[in-house]
Amino acid sequence: MSRLDSFIRRMQAQRDLLNATPALIEGLGGPILELGLGNGRTYDHLRCLFPDREIFVFERHLAAHPDCVPAAPYLIEGDIRETLPRALERLPAPAALVHNDIGTGDAAANAEIAAWLSNTLPSVVRKAGVIVSDQALAHARLSPLPVPAALPADRYFLYRRL
Ligand code: SAM
């Protein structure tokens with residue numbers, strides 16, 4: 001498979017999983033968290049999926065498309081290892097949905113941040129809340145949910161907070 005094929009499959013998996021989230025969190029109050037604004041593509045998609053929800057975005061270096069920069073109260077700048085543990089001071093409630101998209105091509109760095117997020121996210125996400133993640137997470141309070149069968153294995157991950 002070419003790198004272009006691989007990239008397209010990853011983006012399709014990401015979009016398919018995000019499209020599944022409105023049904024997964026139906027009836028659950030709480031904001032949405034986007035970890036990693038990047039260009040703003042998935043933030044923009046979340047805005048379309050959830051026009052009535054508050055979406056808080058965590059990003060270390062703002063470099064998004066100008067149309068995709070959240071308003072000041074919803075953009076939490078800095079390293080998530082600093083900002084996420086204090087997020088509940090700014091959020092109106094624990095999150096109903098988290099989309100984690102901060103992985104890079106550095107496997108060791110990804111493993112380190114995934115381990116940190118595994119331990120941190122359960123205290124930021126409400127009970128029965130959902131996490132969509134570009135990296136596998138592991139914690140006793142995170143129950144893996146099956147991803148749609150059409151998606152490539154180990155490309156994207158889905159969890160429900162117990
Ligand atoms: N979701 C984005 C989109 O659709 O355009 C792409 C996100 S990009 C793959 C990852 C982003 O995560 C980068 O903008 C990077 O600056 C941010 N990031 C990576 N590690 C971070 C950290 N520890 N704290 C905050 N932001 C981080």
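Key figures for this structure:
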item: Point-to-point label distance, residue 149-residue 81, nm (Cα→Cβ direction, 7 Å offset); result: 4.2
item: Accessible-area order (highest first, 1.4 angstrom probe) of the listed residues 32, 8, 102; result: 8, 102, 32
item: Residue 89 versus residue 119: modelled label distance in nm, points set 7 Å from Cα along the beta carbon direction; result: 2.1
item: Dipole in debye (nearest 20) - the range 73-152, about Cα centre, beta carbon charges: Lys, Arg +1; Asp, Glu -1; result: 460
item: Surface share of carbon and sulfur [accessible, 1.4 angstrom probe, percent] for the chain; result: 53
item: Per-residue ³J(HN,Hα) for the range 74-87, Karplus 6.51 cos²θ - 1.76 cosθ + 1.60, θ = phi - 60°, Hz, x for Gly and Pro; result: 9, 10, 10, 8, x, 5, 4, 5, 8, 8, 5, x, 9, 4
item: Rg in Å to one decimal, and Dmax rounded to a whole Å, for the chain via C-alpha atoms; result: 14.7, 45
item: The range 101-150: C-alpha gyration tensor shape, a/c 1.5 cut-off, then a/b vs b/c; result: oblate
item: Whether the range 57-146 is rounded, prolate or oblate, judged on the alpha carbon gyration tensor where a/c under 1.5 counts as rounded; result: oblate
item: Accessible area in square angstrom per residue, the range 1-122, 1.4 angstrom probe; result: 53
item: Bridge type composition, the chain - antiparallel percent by DSSP, nearest 5; result: 30
item: Solvent-accessible area of residue 79 with every protein chain in place, 1.4 Å probe, in Å² to the nearest 10; result: 40
item: Test item: Cα-centred dipole of the chain, Lys/Arg +1 and Asp/Glu -1 on Cβ, debye; result: 420
item: Over the range 30-162, relative contact order from alpha-carbon pairs under 8 Å, at least 6 apart, %; result: 23
item: Förster-model FRET efficiency, 22 Å R0, residue 11 and residue 61, C-beta, rounded to 0.05; result: 0.55
item: Shape category assigned to the range 82-122 from the gyration tensor of Cα positions, a/c cut at 1.5; result: prolate
item: Under-5 Å amide H pairs with residue 75, H placed in peptide plane, nonlocal only; result: 57
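The values are calculated or read from the model by the stated rules, or taken from the named source; none is laboratory data. Computed from a prediction, not measured in an experiment: that's the story for all the values here. Note that we place each Cβ from the backbone using ideal geometry, even for glycine, and neighbour counts take in every protein chain shown. Ligands, DNA and RNA are excluded from the accessible area calculation, which covers all protein heavy atoms including side chains. Shrake-Rupley method; radii C 1.70, N 1.55, O 1.52, S 1.80 Å.
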